[in-house]
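Q: Structure below; questions to follow.
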């Protein structure tokens with residue numbers, strides 16, 4: 001499906017605003033090589049999340065589309081993109097800034113960040129528990145793993 005970019009809705013200062021923030025200093029150096037996307041663990045499970053596309057949108061000035069997008073909340077802040085970028089674009093920190101702006105400008109509720117942090121912690125704990133389960137160590141069984149998942153889901157919903 002083809003998408004149309006309306007030039008009247010573009011914010012030419014968006015890239016400069018983000019470049020002035022910590023981590024955004026090299027944003028304008030991006031030449032769209034795709035290394036960020038290729039190494040991203042989130043992209044490998046959710047193709048809608050595409051760091052290269054988000055950077056392009058920022059550079060084009062698509063402020064409203066970026067800040068209102070649900071995909072900015074999918075980043076797991078693993079810094080793989082930042083570590084592998086040949087231009088030293090610190091995309092993980094840029095994502096943090098985008099989330100901050102999305103909350104400040106009313107595109108997302110302030111409580112969303114806290115809930116996503118809970119989900120991230122739970123995901124790391126789930127991975128750890130599954131590895132212990134696979135290795136047969138750590139005193140973890142499938143019921144313990146399931147109980148932790150249920151507890152996390154209840155906390156996120158509540």
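The values are calculated or read from the model by the stated rules, or taken from the named source; none is laboratory data. All values derive from a computational prediction rather than experimental measurement. Please note: Cβ atoms are built from the backbone with ideal geometry, for glycine as well, and neighbour counts cover all protein chains shown.
Q: Residues of the stretch 72-96 being farther than 19 Å from residue 124 by Cβ and buried (at least 17 other Cβ atoms within 10 Å of the Cβ), which ones? Give the steps one after another, and end with the answer.
A: Within the stretch 72-96, the subset farther than 19 Å from residue 124 by Cβ is 72, 84-91, 93-94.
72, 85, 89, 90, 91, 93, 94 - these are the residues of the stretch 72-96 that are farther than 19 Å from residue 124 by Cβ and buried (at least 17 other Cβ atoms within 10 Å of the Cβ).
Q: Let me ask you something else. Return yes when residue 27 is surrounded by 20 or more Cβ atoms within 10 Å (Cβ to Cβ), within 24 Å of residue 110 (Cβ to Cβ) and over 13 Å from the mean Cα position of the chain (by Cα) and no when it is not.
A: No, not satisfied.
Q: A further question on this structure: Keeping to the stretch 70-84, report how many residues are part of a loop (DSSP other than H, G, I, E, B) and within 20 Å of residue 17 (Cβ to Cβ).
A: 1
Q: While we're on this one: Write out, first by first residue and then by second, each pair whose Cβ atoms fall under 6 Å of each other, whose residues are 6+ apart or on separate chains, and whose first residue, in the stretch 121-148, is without any contact (Cβ under 8 Å) to a residue 60 or more places away in the chain while the second is surrounded by 11 or more Cβ atoms within 10 Å (Cβ to Cβ) and part of a loop (DSSP other than H, G, I, E, B).
A: 129/140; 132/138; 132/140; 133/140
Q: With the condition kept exactly as written, say whether any residue in the stretch 133-141 is surrounded by 11 or more Cβ atoms within 10 Å (Cβ to Cβ) and either in the same structural domain as residue 30 (by TED's automatic domain parsing) or in a helix (DSSP H, G or I) (or both).
A: The answer is yes; a qualifying residue exists.
Q: Given the criterion assigned by TED's automatic domain parsing to the domain that holds residue 88, under 13 Å from the mean Cα position of the chain (by Cα) and under 20 Å from residue 101 (Cβ atoms), identify the matching residue among 41, 51.
A: Just a single option satisfies the conditions, and that option is 51.
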